[in-house]
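The values are calculated or read from the model by the stated rules, or taken from the named source; none is laboratory data. Just so you know, these numbers come straight off a predicted model, no measurement behind them. Every residue, glycine as well, gets a Cβ built from its backbone with ideal geometry; the counts of neighbours run over all protein chains shown. Only protein heavy atoms, including side chains, enter the accessible area calculation; ligands, DNA and RNA are left aside. Shrake-Rupley method; radii C 1.70, N 1.55, O 1.52, S 1.80 Å.
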Amino acid sequence: MSRASLGEYNDLGDRWFIEFMALCAWPGTVHALAWDSPLTRRVVMTNKKKIQVPLQADDIASLCAGDGVLLSGTIYTARDQAHLRICEMIEAGEKLPVDLDGQVVYYCGPTPANARAIGSCGPTTSSRMDPFTPAFLEIGMKGMIGKGRRSTEVVAAVKKAKAVYFVAPGGAGAYLSERVKSCEVVAFADLGPEAIYELVVEDFPVVVAIDSEGNDLYAGLQN
Amino acid sequence: MSGRTVKASDIEKAVAKICLEANTVLREDVLAALEEAYRGSEKESGPAAMLEVLVENAKIAKKTKLPICQDTGMAAVFVELGRDVVVSDGNIFQAIDAGVEKAYKEGFFRKSVVADPILRDNTGTNTPAMVHIDPVEGDKITISVMPKGFGSENKSAIAMLNPTSTPKDIIDFCVGTVKKAGPDACPPYVLGIGIGGTMEMCAFLAKKALLRPIDKANAKSHIAKLEEEIKVGANELKIGTMGLGGDHTVIGVNIETAPTHIAGLPVAVNISCHALRSASITI
Ligand code: SF4
């Protein structure tokens with residue numbers, strides 16, 4: 001589906017559907033065809049796209065809201081307190097403990113590892129990070145992984161920064177832990193589960209929720 | 001005082017056991033509802049694929065003893081304390097906290113509790129638990145633990161409706177609360193709803209309602225009807241699994257009621273994500 005048509009769909013009704021065939025749960029599934037009516041907003045997910053992280057500009061440009069993607073490479077966790085601290089450091093002009101330029105940030109506070117790379121590690125609610133997100137995008141962050149809706153400010157900031165926001169399956173932390181190959185704390189160790197961890201992931205399943213042109217998968221579900 | 005003596009250390013062990021179980025083994029009624037949604041009733045392939053992930057997640061958690069969700073929650077603990085029970089060698093609150101602490105350490109669960117809501121220092125033990133004790137007849141203690149994640153807790157709401165409000169007003173408030181939660185709090189949801197009582201009793205009933213298996217309707221037929229109507233209304237929102245649309249925005253609605261005042265009609269909605277976790281034990 002082209003960007004233009006997705007944009008049109010976003011303006012149509014408040015009902016929408018997704019053909020979601022892309023997760024690794026269904027390897028090799030063929031994708032279904034789209035149909036549209038004035039009251040449906042259908043996003044088609046073609047078969048799984050495999051993308052490396054950190055993200056390249058052309059990969060970001062190729063992603064549309066609704067695409068199912070498998071991410072492989074390095075990402076960084078950060079949630080409420082780490083966001084607060086990073087923003088305070090940016091404001092104070094201090095050197096950051098981790099260079100987020102070009103990186104993907106995952107809103108996640110995992111359970112402690114027990115003889116595995118990581119414990120349960122699903123996404124936390126993204127909207128709590130909304131106030132901090134524009135500042136993160138300004139220092140070069142290119143991607144986010146979380147769950148749920150974002151503010152209109154974040155949608156605009158993602159578009160401006162040519163970045164992307166993914167959602168991962170919420171409440172499937174055990175499932176997702178099998179896609180994480182290593183986990184090292186890189187900053188704010190005192191925050192425990194809220195520290196910044198560097199994760200190496202393989203085929204980590206996500207869905208594009210806001211693409212670099214500002215199309216928002218959840219546009220029809222705003223309050 | 002006569003009665004049956006139960007050692008505090010036995011309460012501690014029992015609480016630890018059900019905490020471990022609740023966090024790693026998804027409730028049968030919830031798993032059955034997710035499986036049913038995935039195998040049968042979900043017609044949209046997108047949300048169906050996501051439901052499959054959730055069913056798979058439950059299997060992996062059970063097998064590996066990893067928590068179902070990384071938010072292993074704050075422990076809400078419901079105790080039915082037989083009036084003929086005497087707790088020896090300690091007190092019941094300390095025993096419950098000790099059991100929670102033990103489970104969260106041994107299970108490698110996340111410690112998500114801060115000692116002060118403003119200062120926010122993590123207690124490091126996931127305690128204190130939020131404990132509710134009901135005195136009952138008999139010489140047994142029944143304990144239920146519900147680890148409650150805050151993604152969905154944050155979307156909960158209470159309304160003090162007018163006594164002249166209609167069932168439709170109640171439905172509108174409950175469905176409106178789900179609409180506000182949108183895709184953010186891991187749908188499909190289970191709604192625990194309290195109706196009546198005072199404000200705090202109403203909120204308590206909403207949480208307690210989540211303990212009831214979601215395939216069991218309220219025994220009162222007019223309340224069971226309300227449960228069904230709220231479920232239908234919420235599913236018409238088409239938020240769906242992970243916000244991907246489809247037929248499963250809510251997989252269960254449990255209402256508990258209490259007498260209330262002539263001037264009011266309190267309604268509380270405690271939203272639970274699909275990872276509705278609890279376990280019980282009788283000592
Ligand atoms: S809302 Fe529930 S399933 Fe989702 S992250 Fe929180 S505890 Fe886990």
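Observations
- Expected 222 nm ellipticity per residue - DSSP helices of 4 or more, -39500 (n - 2.57), all of chain B, to 500: -12000 deg cm²/dmol
- Solitary cysteines of chain B, where the nearest other Cys Cβ is not under 4.7 Å: B:Cys19, B:Cys69, B:Cys174, B:Cys202
- 19 Å Cα-Cα reach of B:Lys105 towards aspartates and glutamates, excluding residues that sit fewer than 8 places from it in its own chain: A:Asp190, A:Glu194, B:Asp10, B:Glu12, B:Glu21, B:Asp71, B:Asp97, B:Asp121
- Aspartates and glutamates whose Cα lies under 19 Å from that of B:Lys168, excluding same-chain neighbours fewer than 8 positions away: B:Glu227, B:Glu228, B:Glu229, B:Glu236, B:Glu256
- Segments A:200-206, B:182-188, A:94-100 sorted - mean Cβ within 10 Å per residue, highest first: B:182-188, A:200-206, A:94-100
- Hz values of 3J(HN,Hα) by residue in the range B:106-116 - Karplus curve (6.51, -1.76, 1.60), Gly and Pro given as x: 5, x, 6, 8, 6, 9, 10, 9, 9, 6, 9
- For the peptides A:161-171, B:118-128, B:222-232, the ranking by packing is A:161-171, B:222-232, B:118-128, with the highest mean count of neighbouring Cβ atoms within 10 Å listed first.
- Net charge dipole, the protein assembly as shown: roughly 600 debye, given to the nearest 20, about the Cα centre with Cβ charges of +1 for Lys and Arg and -1 for Asp and Glu.
- Residue by residue along A:209-219, Cβ atoms of other protein chains within 10 Å of the local Cβ number 1 on average.
- Phi to ³J(HN,Hα) by Karplus 6.51 cos²θ - 1.76 cosθ + 1.60 over the range A:130-140, Hz, x for Gly, Pro: 3, x, 9, 5, x, 5, 5, 5, 5, 8, x
- Per-selection Kirkwood Rh - the range B:13-131 (Cα, Å, 1 d.p.): 16.3
- The protein assembly as shown: Cα Rg divided by the 2.2 N^0.38 Å rule of thumb: 0.98
- Beyond 24 Å, the tail of the calculated P(r) for the range A:48-210 holds 26 percent of the Cα pairs.
- Summarising the amide proton neighbourhood of B:Asp184: residues at separation of 5 or more, or on other chains, whose placed amide H is nearer than 5 Å comprise A:Arg149.
- Residue mean of other protein chain beta carbons inside 10 Å, B:239-252: 4
- Protection proxy ranking, peptides A:140-146, B:132-138, average beta carbon neighbours within 10 Å, highest first: A:140-146, B:132-138
- Annotation: amide H of A:Tyr106 within the under-5 Å range of A:Tyr76, A:Thr77, A:Ala78, A:Ile145, sequence separation 5 or more or interchain, hydrogens built in the peptide plane.
- A cut-off of 5 Å between modelled amide H atoms, ignoring neighbours fewer than 5 places along the same chain, links A:Val53 with A:Ser72, A:Gly73, A:Thr74.
- Size of charge dipole - the range B:213-283 - debye, nearest 20, with Cβ of Lys, Arg +1 and Asp, Glu -1, no other charges: 120
- Test item: Cα-centred dipole of the range B:1-86, Lys/Arg +1 and Asp/Glu -1 on Cβ, debye: 420
- Look at the alpha carbon pairs under 8 Å that are at least 6 residues apart: their mean separation over the length of the range A:48-210 gives a relative contact order of 31 percent.
- Whole-Hz ³J(HN,Hα) from phi, Karplus 6.51 cos²θ - 1.76 cosθ + 1.60, for the range B:44-59, glycine and proline x: 7, 6, x, x, 5, 5, 6, 4, 4, 4, 5, 5, 4, 4, 4, 5
- Of A:Arg85, B:Arg212, the residue with the largest accessible area leads and the full order is A:Arg85, B:Arg212 (1.4 Å probe).
- Counting Cβ atoms of other protein chains within 10 Å of each residue's Cβ and taking the mean over peptide B:103-112 gives 4.
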